[in-house]
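S.K.: The structure that follows is given in the form of structure tokens.
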Amino acid sequence: MILKDGDKLLPSYIPSELPHREKQVRDLFEYFKNAIVDPANSSPKYYQLIGPVGSGKTVTALKFGTMLEEAAKESGIALKHVYVNPRQHGATRLMVFRYIVQAVEPSIFSASYGAEELVIELLKYIQKRELYILLTFDELDFMINQTKEPIVYNLTRLNEVLPGTHCNVLGIVFTARSTTYQSKLDEAELSSLGRFYVKFEPYGTNQIYDILERRCYEAVYPGTVGDDVLRYIADVTSPPLGSGDARYALSILYNSCMLAQNLGSPTLNPEHVRKVLSVLNPSVTEEDLMYLPEEERYVLLSIARLLIHSRSPYVSFDQIVAQVEHSGQKGKPRKMELKDVVRYVQDLQNRGIIDVRGLTEIGISSVSANTLDRFLEYLVERLSE
Ligand SMILES: Nc1ncnc2c1ncn2[C@@H]1O[C@H](COP(=O)(O)OP(=O)(O)OP(=O)(O)O)[C@@H](O)[C@H]1O
Ligand SMILES: [Mg+2]
């Protein structure tokens with residue numbers, strides 16, 4: 001068995017540690033902490049997190065929400081973090097407010113209320129109970145693309161709904177993948193929301209590695225997933241090969257572990273990862289291989305053979321040269337000049353079939369080496385007829 005607790009790799013799980021987003025959580029906390037010192041006199045604050053797919057926006061907002069709830073509790077303040085996502089909960093104002101009201105107190109909900117009434121009931125209720133709310137509005141850009149309703153206006157003017165009273169919604173964290181939604185807001189919305197935002201960069205290789213490593217600590221048995229395999233997943237999911245998406249990296253890890261287990265392997269090997277990569281993101285097609293020059297196909301075949309027998313996800317250039325000569329000895333004359341091997345390796349990289357990370361790190365990320373080997377054997381056989 002490899003997976004001790006596979007759920008810990010799934011997106012629904014909020015890990016206890018967030019490597020490379022701890023500062024972002026702290027910054028959020030710094031920004032909002034005064035609100036829980038004197039909540040009855042604080043005015044609502046807004047915060048925008050902008051970053052690409054899988055850069056940790058949602059998980060950061062969730063973590064911060066829990067942290068603020070706990071800090072408030074320690075000061076004897078009843079604060080509830082409400083997370084709303086229009087993609088999950090509905091992308092209309094009515095659906096959003098229905099969801100928020102039900103999350104806070106189902107007994108004040110009525111299906112006959114419109115959006116305005118729901119807001120009024122909600123604000124009255126939390127005021128009366130001295131309950132405070134922090135809201136995370138995830139994927140604001142999705143909402144704005146779906147509806148023309150002035151959701152940002154409504155959310156940032158909650159303090160004007162019941163004039164002369166204090167609004168117990170202390171703040172809202174918004175997230176979006178880019179700032180383009182701002183061009184769809186009117187002046188009033190922009191001025192209340194503010195143009196300030198915190199940018200989340202895509203994760204780099206070492207960052208993805210750290211994230212996977214920490215998650216493995218909770219999810220897999222010790223000694224079953226090696227550093228080299230994690231490094232390999234990090235390499236293929238971060239720039240320049242990947243987009244720095246932690247969700248994709250975790251999904252590759254999870255699926256590879258499942259595959260390895262199903263095959264009865266005691267450990268996760270690069271070959272399992274390559275197989276999953278070929279399924280999740282197939283990029284080498286039969287056609288690609290058909291159009292390769294014959295000599296180049298030999299080089300690729302050599303790389304595939306080496307990879308199958310190697311425990312490492314990469315082989316070195318020297319190994320490839322030796323392997324090319326070796327396959328020549330098996331009755332197929334392959335006397336190849338060194339400079340030609342260099343040229344073919346370069347061309348295979350340009351075609352996106354292999355990854356060259358240096359003279360000692362040449363690998364195939366996008367297709368299972370076993371499949372490739374069989375396919376190439378078949379091609380070689382047919383071509384030499
Ligand atoms: N720093 C981190 N540490 C541990 N896990 C992380 C970290 N960042 C992201 N993850 C995990 O990666 C996955 C994607 O993160 P998250 O959902 O926060 O991305 P996002 O920026 O909200 O992406 P999207 O724009 O697609 O909604 C989640 O499973 C999350 O738990
Ligand atoms: Mg998200």
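The values are calculated or read from the model by the stated rules, or taken from the named source; none is laboratory data. Quick caveat, the model's predicted, so the values are computed rather than measured. No Cβ is skipped: glycine too gets one built from the backbone with ideal geometry, and neighbour counts run over all protein chains shown.
S.K.: Out of all the residues in segment 56-91, which are more than 15 Å from ligand 2 (Cβ to nearest atom) and touching a Phe, Trp or Tyr at 6+ places or on another chain (Cβ under 9 Å)? Can you show your working first?
M.R.: Here is the first cut: in segment 56-91, the ones more than 15 Å from ligand 2 (Cβ to nearest atom) are 66-82, 90.
Matches in segment 56-91: M67, L68, A71, A72, I77, A78, L79, K80, H81, V82, G90.
S.K.: Of everything in segment 51-69, what is more than 6 Å from ligand 1 (Cβ to nearest atom), surrounded by fewer than 21 Cβ atoms within 10 Å (Cβ to Cβ) and closer than 17 Å to S178 by Cα? Give them in sequence order.
M.R.: P52
S.K.: Related question: Pairs under 6 Å by beta carbon, first residue under 18 Å from S16 (Cα atoms) in segment 195-221, partner hydroxyl-bearing (S, T, Y) and surrounded by 15 or more Cβ atoms within 10 Å (Cβ to Cβ), six or more apart or different chains?
M.R.: I208/T237; I208/S238
S.K.: Would you mind stating whether L94 is within 18 Å of Y46 (Cβ to Cβ) and among the hydrophobic types (A, V, I, L, M, F, W, C)? Before you say what the answer is, go through the steps one by one.
M.R.: Numbers: within 18 Å of Y46 (Cβ to Cβ): no; among the hydrophobic types (A, V, I, L, M, F, W, C): yes.
It is false that L94 is within 18 Å of Y46 (Cβ to Cβ) and among the hydrophobic types (A, V, I, L, M, F, W, C).
S.K.: Return yes when F196 is loosely packed, with under 14 Cβ neighbours inside 10 Å, over 13 Å from the mean Cα position of the chain (by Cα) and not in a helix (DSSP H, G or I) and no when it is not.
M.R.: Working: loosely packed, with under 14 Cβ neighbours inside 10 Å: yes; over 13 Å from the mean Cα position of the chain (by Cα): yes; not in a helix (DSSP H, G or I): yes.
Criteria met by F196.
S.K.: Among the residues of segment 217-249, count how many are under 16 Å from T267 (Cβ atoms) and under 16 Å from the mean Cα position of the chain (by Cα). Spell out how you get there, then give the answer.
M.R.: Initially, segment 217-249 is screened for residues under 16 Å from T267 (Cβ atoms), giving 219-233.
Subset that is under 16 Å from the mean Cα position of the chain (by Cα): 230, 233.
Total satisfying the criteria: 2.
S.K.: Can you tell me which of R129, R177 is assigned by TED's automatic domain parsing to the domain that holds L79 and within 35 Å of the chain's Cα centre (by Cα)?
M.R.: Values: R129 fails: within 35 Å of the chain's Cα centre (by Cα).
Of R129, R177, the one residue that is assigned by TED's automatic domain parsing to the domain that holds L79 and within 35 Å of the chain's Cα centre (by Cα) is R177.
S.K.: Still on this structure, please answer the following. Consider I36 carefully, then state whether it is assigned by TED's automatic domain parsing to the domain that holds Y113, touching a residue at least 60 places away in the same chain (Cβ under 8 Å), touching a Ser or Thr at 6+ places or on another chain (Cβ under 8 Å) and away from ligand 2 (no atom under 16 Å from the Cβ). Show your work before the answer.
M.R.: Details: assigned by TED's automatic domain parsing to the domain that holds Y113: yes; touching a residue at least 60 places away in the same chain (Cβ under 8 Å): yes; touching a Ser or Thr at 6+ places or on another chain (Cβ under 8 Å): yes; away from ligand 2 (no atom under 16 Å from the Cβ): yes.
Yes, satisfied.
S.K.: Does I353 meet the test of being assigned to a loop (DSSP other than H, G, I, E, B) and either at pLDDT 70 or above or touching a Ser or Thr at 6+ places or on another chain (Cβ under 7 Å) (or both)?
M.R.: On the way: assigned to a loop (DSSP other than H, G, I, E, B): yes; either at pLDDT 70 or above or touching a Ser or Thr at 6+ places or on another chain (Cβ under 7 Å) (or both): yes.
So I353 fits the description; yes.
S.K.: In segment 93-150, what residues are at positive phi and within 16 Å of ligand 2 (Cβ to nearest atom)?
M.R.: At the first step, the residues of segment 93-150 found to be at positive phi are 130, 139.
The answer is E139, and nothing else.
S.K.: G242: surrounded by fewer than 22 Cβ atoms within 10 Å (Cβ to Cβ) and not charged (D, E, K, R), yes or no? Spell out the reasoning first.
M.R.: Values: surrounded by fewer than 22 Cβ atoms within 10 Å (Cβ to Cβ): no; not charged (D, E, K, R): yes.
Considered against the rule, which asks whether it is surrounded by fewer than 22 Cβ atoms within 10 Å (Cβ to Cβ) and not charged (D, E, K, R), G242 comes out as no.
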